[in-house]
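Beneath this line is the structure, given in structure tokens, with notes to follow.
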Amino acid sequence: MTDVQQELAPAPPLKLAIRGVGKSFAQGKAVVHALDQIDLDVAEGEFVCLVGPSGCGKSTLLSIIAGLETPDRGEVLADGQPVRGPGRDRVVMFQEHALFPWKDVLGNVEFGLRFKPNLDAKARREVARFYLRMVGLEAFAHAWVHELSGGMRQRVALARCLAPNPRVLLMDEPFAALDAMTRERLYGDLQQIWSARRKTIVLVTHNMREALTLGDRIVLMTPRPGRIHAEHVSGLPRPRDINAPHLAERAAELTAELRRALGPDEEATR
Amino acid sequence: MRRWAVRTGFLLALGLLWQGLASAGVWSPVLLPPPASVLRWLGAAAADGTLAAATLVTLRRLTVGFAIGVGLGLPIGLLCARSRAFDDTVGLLARGAQSLPSVCWAPLAVLWFTRADLAMLFVVVMGTVGSIAIAAADGVRAVPPIYVRVARTMGAGGAATWLRVVLPASLPFVVSGMKQGWAFAWRSLMAAEIIVPGMHAFGLGHLLHYGRELHAMDQVLGVMIVIVVVGVAIDRVLFASAERALHRRWGTGRSP
């Protein structure tokens, strides 16, 4: 097998164990408990969605799993090994596409491959093209970022995250800024890529229907302090359609449950 | 094409107006030499090589001084963005140097370096360093933090993040800082050449200075025209293509 073929084979998914994680921030003189005593297990190849209102610490938890932030208490284990910092086995896709304007589309997808010493320039190019094809943008390899639509930019960002062949994909509200039509098309793409590549995915969202469309398991979180309120196994057959009536019904039930947990003062999720 | 026609027509009309005023004889030819005599001087100076030699001398001083200025200014700017302590000390000096017209250094520079050439080089460097350092520091500070997070999550270390993300992301600032630094260098060199006497190598500023000494205003105007042409040409060659490339990538620079 050549380096490229080896590189393109899906990396085995990773198992995550979050043990007693807590994190506080100083905000002026007040202390904000972003996360308090979080315990969560994510199995190999599982698609877990974290859902909650703003301030429930879901994005902070994602950053801690990514190793971009360190917890005050507790630890995150990736396949049993404590996470000590960022690593390309756990790549984050952000809400903003954050594509680099000085590189064309292909250059952006290649970016993460630079840090893999076994790939030369030609191999990087080949790998990047493979993932561009996967998100259906091969024809735009040499376009500049500002020439793409919002949905295309987010596809390129997805390809850039997939290219280093991570074992966990961490997604921080990656579809929140897109229009509904584009978003629904991307749900289809993501489900297809996930079933083809079997990655462990943790997705943060405040959109309950999005979580039910994508996730195997839905984790409901409540704020002040950020805690896990409940977990629900989706059990819906795939592929799922966000506009299916039974899905909307489940979403309404879970939203109602979350709203009860939040109490009258808290703003409900969308 | 149309815009070129407008520009050429405008310049021709300006020349005709000038000729008209000069031939009206209201002012003495010393105050307002007619365009023909300026052109005559330009032709003679071009033919005997004075102009080319002076332009070369000036350009050499400018490029050497600018290169040193960039070489010092870029690292100073990057260090300012990285370290608060550095910014509060060397960065403070850089900001001070930028607000001082660098030709003010000329009297001291002549005493310190005794050689006129080195003194003028010093003036050019002092005119360049500040604006480049400040632009580089601002450029680094303006890099969206999310770019750095992207690089780190992909496994980039500190050095790779700087080299592959922070530096390219700050390029628009750095290029406009270099352009400003170049403009400062050009102005300060002209001022320095006019007030620091040239012993061996005459630059364009010296030609202008001797035109004044000889009351040859055709020469003064001729040199002024050459300075404008050289300045515009360098701007086109050096910066226009870099700016176009940045605009194409960032999707900026088009009128809304």
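General remarks:
- For the stretch A:81-132, alpha-carbon Rg over 2.2 N^0.38 Å: 1.28
- Antiparallel DSSP beta bridges within chain A, percent to nearest 5: 55 percent
- The Cα-based radius of gyration of chain A, divided by its Kirkwood radius, gives an Rg/Rh of 0.97.
- Under 5 Å between amide hydrogens, built in the peptide plane, is the criterion, and for A:Q95 it picks out A:D172 among residues at least 5 positions away or on other chains.
- Between A:Q5 and A:T70, the modelled labels are 4.4 nm apart [label points 7 Å from Cα along Cα→Cβ].
- Once the gyration tensor of the Cα atoms in the protein assembly as shown is diagonalised, the equivalent ellipsoid follows with semi-axes of 63, 25, 22 Å, ordered largest first.
- Volume in Å³ per residue [convex hull over Cα atoms, computed for chain B]: 170 Å³
- Rel. contact order, % - alpha carbon contacts under 8 angstrom, at least six apart, chain A: 26 percent
- In Hz, Karplus ³J(HN,Hα) per residue of the stretch A:158-174 (6.51, -1.76, 1.60; θ = phi - 60°; x = Gly, Pro): 5, 4, 5, 6, 7, 4, x, 6, x, 9, 10, 10, 10, 10, 9, 6, x
- Highest-MSF residue in chain B out of B:R152, B:R236, B:R95 [GNM, Cα springs under 10 Å]: B:R152
- Residue-averaged [θ]222 nm for the protein assembly as shown, counting only DSSP H segments that reach four residues, each worth -39500 (n - 2.57): -17500 deg cm²/dmol
- Nearest 10 degrees, 0 to 90: helix B:2-24 Cα axis against chain B principal axis: 40 degrees
- For chain A, a Gaussian network of Cα nodes joined below 10 Å ranks A:A123, A:A159, A:A196 by mean-square fluctuation, and the top entry is A:A196.
- Pair-distance profile P(r), taking every C-alpha pair of the stretch A:24-171, with 5 angstrom steps and integer %: 2, 9, 16, 18, 16, 14, 12, 8, 4, 1, 0
- Of all beta bridges that DSSP places with both ends in the protein assembly as shown, some 55 percent have antiparallel geometry.
- Cα-only radius of gyration and Dmax that characterise the stretch B:1-146, units Å: 22.6, 67
- Mean projected area in nm² (Cα convex hull; one quarter of hull surface) for the stretch A:148-270: 8.2 nm²
- All-pairs Cα distance distribution in the stretch A:137-178, expressed in whole percent, bin size 5 Å: 5, 20, 31, 21, 16, 7, 0
- Under-5 Å amide H pairs with A:M221, H placed in peptide plane, nonlocal only: A:V51, A:G52, A:H229
- Folded to 0 to 90 degrees: helix B:241-250 orientation relative to chain B principal axis, Cα: 40 degrees
- Working note: Karplus 6.51/-1.76/1.60 with θ = phi - 60° gives the stretch A:141-155 the couplings 3, 10, 7, 8, 4, 5, 7, 9, 7, x, x, 5, 4, 5, 5 Hz, where Gly and Pro are set to x.
- Per residue of B:153-162, other chain Cβ atoms within 10 Å of the residue Cβ number 6 on average.
- Highest mobility in the GNM of chain B, judged by mean-square fluctuation with C-alpha springs under 10 Å and restricted to B:T128, B:T55, B:T89, is found for B:T89.
- Taken one residue at a time, the phi angles of the stretch B:105-119 give Karplus couplings (6.51, -1.76, 1.60, θ = phi - 60°) of 6, 4, x, 5, 4, 5, 5, 5, 9, 6, 7, 4, 4, 5, 4 Hz. Gly and Pro are set to x.
- Ranked A:K29, A:K15, criterion: other C-beta atoms within 10 Å, fewest first: A:K29, A:K15
- Legend: distances between Cα atoms for A:K15/A:K116; A:K58/A:K199; A:K103/B:K179; A:K23/A:K103; pairs beyond 25 Å are A:K23/A:K103.
Here, each number is a calculation from the coordinates, and none is a lab measurement. What you see is a predicted model; the values in this text were computed from it and never measured. Positions of Cβ are generated from backbone atoms using ideal geometry, with glycine treated the same way; all protein chains shown enter the neighbour counts.
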